Amino acid sequence: MNDQRANLVTLFGQNGSGKTRRLMEMEKRTTCDQVLRIGAETLIEDIVAGARHGLATDTLICYRKIDNLLIDNLWVLASRPYVSRPVRELVSARRSDGLLTVLASDMTLAQWSVEQAEMASLLASGETVQF
């Protein structure tokens, strides 16, 4: 059985603390075939566009197949709770499949708890790194 806790890593830190730089370094140093670094804004746009065209499931399947998914600017989801659920489902499915997801957030876990308790619970279930 894989260690699902290790399959989710969240980098927490203030704006400018080096989270994006760390994601970029991870992207460059990854030895697996598939790695994607993406901003949460782009992920949201893809989810919304997929839903509009009836392809929401197809959109998430594409992200689900990537070996290492690095998502920057997670804080964007705080103001868009309607897309938080599909993102949480995506991350949970990736964890079940043993795939690594690394998230970067300017918001603290306590702030997530106030804004979106479900997202806070998911983030708390993985590894966390403070910047």
If you go through the stretch 85-104 one residue at a time, how many are buried (at least 19 other Cβ atoms within 10 Å of the Cβ) and in a helix (DSSP H, G or I)? 6
Specify which of the listed residues (ARG29, ARG88) is free of Cβ contacts under 8 Å to residues at least 60 places away in the same chain and touching a Leu at 6+ places or on another chain (Cβ under 7 Å). ARG88
Residues that are within 11 Å of the chain's Cα centre (by Cα) and among the charged types (D, E, K, R), drawn from the stretch 65-94: ASP72, ARG88, GLU89, ARG94
Anything in the stretch 113-130 that is farther than 12 Å from PHE12 by Cα and open to solvent by 50 Å² or more (accessible area, probe 1.4 Å)? List them, or say none. SER113, VAL114, GLU115, ALA117, GLU118, SER121
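The values are calculated or read from the model by the stated rules, or taken from the named source; none is laboratory data. Please read all numbers here as calculations on a predicted model, not as lab measurements. Cβ sites come from the backbone with ideal geometry, for glycine too, and all protein chains shown count toward neighbours. What goes into the accessible areas is simple: the full protein's heavy atoms, side chains included, and nothing from ligands, DNA or RNA. Shrake-Rupley method; radii C 1.70, N 1.55, O 1.52, S 1.80 Å.
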